[in-house]
Structures are given as structure tokens and as C-alpha cells.
Amino acid sequence: ELEVTVSVEGMTCMSCVRNIESTISKKPGVKSITVSLEKKMATLIIDPAQISPEDAAEAIDDMGFTAKLLS
Amino acid sequence: MASVYEFQMAMTCEGCAGAAKRVLGKLPEVSNVETSVEQQRVLVTSTLSPDRLLETLQKTGKECSYIGVK
Ligand SMILES: [Cu+2]
Ligand SMILES: [Cu+2]
């Protein structure tokens, strides 16, 4: 298990937050995701055997929110 | 020839509209995207098929459907 933080741009409200959380939590290898609207950040717990930190960040970016892997 | 396709999208805020613009904007075959949160509509000017555009819009995680050619 690995904790990953991702910066997320483009969210405007809690509905954006819930949309990202519910969509990304369904991805194989994503154990949990918590998104902060104020910090413009997402914290994920992933299984690196199933998904890389880069792909996890990319999955958020693919939804239309600019996402960059921080750590 | 590019056509203008109309889609319904369950947008709740400008964040949703921005996401729609961004996912579609990544496609070089898309030349214009207009959104209206109020009317729940996305207008896309593209040479791609509406199926392909709908598939792309659905990446936003929002419920969407194809309406027709504008
Ligand atoms: Cu929002
Ligand atoms: Cu929204």
C-alpha cells in the first residue's frame, strides 16, 4: 500500500469533490481517495501492484480536472 | 467536414462545464466546445462521430446523452 498526493485544479464545489471521489474509488488498485476542495488536493491509498502513482493521477486528469502527482 | 453535435449533460456547476471542455479539448478533432450549465447542454464542433464524443464526455463521471446534430 502506498499513499499518494495529487494536486487537482478545476473543482468549484463539493459536487466536483464527490464526483471525483466516487469515480476514482471504483478504479482497480485504488483503496481509498479523499479530495480537499480548499487545498485543491487528493490523497489516495493505492496498491502499487495494480496501479502506479502516475496512472492514479492520470485517472483524475482524464476526468477533466488538471491533476499533477506531488508525492 | 465538422458538424455541431448537441449533448445533454448533468452539470451542477462550472466545474462540470470546465471538465467537459477539458476532456473534449484534448482531442485535436474537436474545434469548439460550448457549455450551458443552466440548460444542461454541451455543443461540440467536431469531425468525430457523436458516439466517440459521448464516450469522451462520459469520462467526466457525469451522466450524459446524445441529442442530435445542431
Ligand atoms: Cu462543482
Ligand atoms: Cu459540477
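Please determine whether any residue of segment B:5-14 is facing chain A (nearest Cβ under 9 Å), more than 15 Å from ligand 2 (Cβ to nearest atom), surrounded by 14 or more Cβ atoms within 10 Å (Cβ to Cβ) and not in a strand (DSSP E or B). Checking segment B:5-14: not a single residue is facing chain A (nearest Cβ under 9 Å), more than 15 Å from ligand 2 (Cβ to nearest atom), surrounded by 14 or more Cβ atoms within 10 Å (Cβ to Cβ) and not in a strand (DSSP E or B).
Which of the following residues is within 16 Å of ligand 2 (Cβ to nearest atom) and either among the aromatic types (Phe, Trp, Tyr) or assigned to a strand (DSSP E or B) (or both): A:Val6, A:Val35, A:Val17? Being within 16 Å of ligand 2 (Cβ to nearest atom) and either among the aromatic types (Phe, Trp, Tyr) or assigned to a strand (DSSP E or B) (or both) holds for just one of A:Val6, A:Val35, A:Val17, which is A:Val35. When the residues of segment B:19-42 are filtered to those that are among the small types (Gly, Ala, Ser) and surrounded by fewer than 21 Cβ atoms within 10 Å (Cβ to Cβ), the one that is nearest to the other protein chains (Cβ to nearest Cβ) is B:Gly25.
Taking (1) without any contact (Cβ under 8 Å) to a residue 40 or more places away in the chain; (2) closer than 18 Å to A:Met63 by Cα; (3) within 10 Å of the chain's Cα centre (by Cα) in turn, B:Asn32 satisfies each apart from (2). Does at least one position in segment B:52-60 carry a residue that is more than 17 Å from A:Thr23 (Cβ to Cβ) and either within 14 Å of another protein chain (Cβ to nearest Cβ) or without any contact (Cβ under 8 Å) to a residue 12 or more places away in the chain (or both)? Yes; the residues of segment B:52-60 include at least one that is more than 17 Å from A:Thr23 (Cβ to Cβ) and either within 14 Å of another protein chain (Cβ to nearest Cβ) or without any contact (Cβ under 8 Å) to a residue 12 or more places away in the chain (or both).
The single condition among (1) within 10 Å of chain B (Cβ to nearest Cβ); (2) within 16 Å of ligand 1 (Cβ to nearest atom); (3) in contact (Cβ under 8 Å) with a residue 24 or more places away in the chain; (4) part of a helix (DSSP H, G or I) that A:Met11 does not meet is (4).
Here, each number is a calculation from the coordinates, and none is a lab measurement. Note that the coordinates shown come from a computational prediction; the quantities given were computed from them, not determined experimentally. Glycine also receives a Cβ, built like all others from the backbone with ideal geometry; neighbour counts cover every protein chain displayed.
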